[in-house]
Amino acid sequence: MDDFTPEQVARGRALRRAQLPWALGARAAGLLLPLLLGLTPAGAGLVDRAGGLFGGTRTAQVLAGVALLLLFGELAQLPFSARLRVIRREYGLITQGWTGWAVDLLRGLALGLVLALPVGYGLYALTDWSSDRWWLPAALLVALLVPLLSFLFPLLVEPLFNRFTPLPEGELRTALLDLAARDAIRVREVLVADASRRTTALNAYVSGLGSTRRIVAYDTLIGTADPREVELVVAHELGHVKHRDVLTGTLLGSLGAAVAVVLLGLLTSWQPLLSAAGASSAADPRSLFLFAACATVLGAPAGPFQGAVSRRIEARADRHALELTSDPEHFIAMQRRLAVTNVADVDPPRLLQLLFASHPSATARIAAARAWAASAPRVSE
């Protein structure tokens, strides 16, 4: 804690305390709404009425029901997201106006519909083929879909929300490409994202797989951080590539999605659940909200486990950055800058860390850097 002033520590804690009730409320709403609509006839009634507005056919029920599902999900989160945005704006983390935020929400909803409508249509095409064995081909298809979306995401989705411009020729670009070369990592390009339109937070990442891989840095990071600190952030991100974290995560995501589909098949074939939802079988479009409820229940316990795995991966990427740069001093300076600028709680309560954190705390990362430096004195001299 000696790395941060009392004011910095207090500011991070105050932001965490202000956000926590609303963040928990958003999670609760995201869990309770699908359960309310999926485990009662209410969801079936909505599917019936929505489909009736477009002719009442089975296809109309499926597509209108999927659209309603996404819309209700957005509306349930909206008051919590808006309040969190107000709080973060008070702490100087938000630069975007309400109009821009609304446009982003609509853009995200449109993207969700583009992805979800074909998936929903395909799901019920398979349940129509076999209400008992639909999950067999569905599991295979979803396992293939996850890596495809991971490959296409930086090309088709990221440009919808940010503008990316090549980092101009110069010392920083050369240094970042040299880092990748020393790591034997091929990157397509180095881009700057116009994140300052929305936030003052600092970040960088490496996105894409294979030929779509690129280094992306926020313009807030490029404009405010010392160039050597930018290198340390990118070195950390290269660590994810070096250890194949994106590829491994994508493959595990494929496996997890396939397993989830199998479990959905088991749950949605259980007659008491179908009766509670007001559906006759998994092939009945009125089971749509039941699918959503079961998927929500299956996904909820995975959060803490995923967080624990993520924290280990992030700690490993930190070590990689230190080994690649041999510069613990600037690594620590970078961690201080990230924590202070992003108004992080530098040492949050252990329970919150275990339940929700995807990264080690700032104090833990700095302590790990000092331990690394102490164990490798010749490298750090």
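Just so you know, all these numbers are worked out from the coordinates, no wet-lab data involved. Because the structure is a prediction, the values reported are computed rather than measured. Note that each Cβ is placed from the backbone with ideal geometry, even for glycine, and that neighbours are counted across all protein chains shown.
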In whole Hz, what ³J(HN,Hα) sequence does the stretch 22-33 give by Karplus (6.51, -1.76, 1.60; θ = phi - 60°), x for Gly and Pro?
6, 5, 5, x, 4, 5, 5, 5, x, 8, 6, 4
Connecting C-alpha atoms closer than 10 Å in a GNM of the chain, tell me which of LEU221, LEU141, LEU156 has the biggest fluctuation.
LEU156
If packing is taken as the average number of other Cβ atoms within 10 Å across a peptide's residues, how do 108-117, 327-336 rank, most packed first?
327-336, 108-117
May I ask you to derive the relative contact order of the chain, considering only C-alpha pairs under 8 Å and at least 6 residues apart, and to give it as an integer percent?
23 percent
If R0 is 41 Å, what FRET efficiency do you get for VAL259 and GLU7 from their C-beta distance, rounded to 0.05?
0.30
Using a Förster distance of 30 Å, how high is the FRET efficiency between VAL157 and GLN271, based on the Cβ-Cβ distance and rounded to 0.05?
0.15
Give me a comma-separated list of calculated 3J(HN,Hα) values for the stretch 80-88, in order, Karplus coefficients 6.51, -1.76, 1.60 applied at θ = phi - 60°, integers in Hz, x for any Gly or Pro.
6, 4, 5, 5, 4, 5, 4, 4, 5
Phi to ³J(HN,Hα) by Karplus 6.51 cos²θ - 1.76 cosθ + 1.60 over the stretch 147-162, Hz, x for Gly, Pro:
x, 4, 5, 4, 6, 7, 3, x, 8, 10, 9, 3, x, 6, 10, 9
Most packed first (mean Cβ within 10 Å per residue), the peptides 79-87, 59-67 order as 59-67, 79-87
Taking amide H positions as placed in the peptide plane 1.01 Å from N, state which residues far from SER207 in sequence (5 or more) or on other chains have amide H under 5 Å from it.
ARG214, VAL216
For LEU106, put the label point 7 Å out on the Cα→Cβ axis and report which residues of the stretch 42-80 keep their amide N under 20 Å from it.
67-79
For a quick check: with amide H placed at 1.01 Å from N, whose amide H comes under 5 Å from ILE94's, ignoring anything fewer than 5 positions away on the same chain?
ARG89, THR200
Kindly provide the GluC sites (Glu not before Pro) of the stretch 127-223 that DSSP labels as loop, not H, G, I, E or B, and whose Cβ sees at most 15 other Cβ atoms within 10 Å.
GLU169, GLU189
Length gained, VAL297-LEU24, 0.36 nm per residue minus C-alpha separation, equals 96.7 nm
Counting only backbone N atoms under 20 Å from a point 7 Å out along Cα-to-Cβ of THR59, the residues of the stretch 106-128 in range are 113-128
Per 0.36 nm of contour for each residue apart, how much would the distance between LEU144 and LEU354 grow if the chain were fully extended, relative to their Cα-Cα spacing?
72.5 nm
Considering the chain as a Gaussian network with a 10 Å cut-off on Cα pairs, which listed residue, SER287, SER207, SER275, attains the greatest mean-square fluctuation?
SER275
Length released on extending from THR174 to GLU74, taking residue separation times 0.36 nm less the Cα-Cα span:
31.8 nm
Reduced to Cα centres, the span from the stretch 109-174 to the stretch 49-93 in Å works out to 19 Å
Given an 8 Å cut-off on Cα distances and at least 6 residues of separation, report the relative contact order of the stretch 47-98 as a percent.
21 percent
Helix-only [θ]222 nm of the chain, DSSP H runs n ≥ 4, -39500 (n - 2.57) each, per residue, nearest 500
-23500 deg cm²/dmol
Give the percent of DSSP beta bridges with both residues in the chain that are antiparallel, rounded to the nearest 5.
65 percent
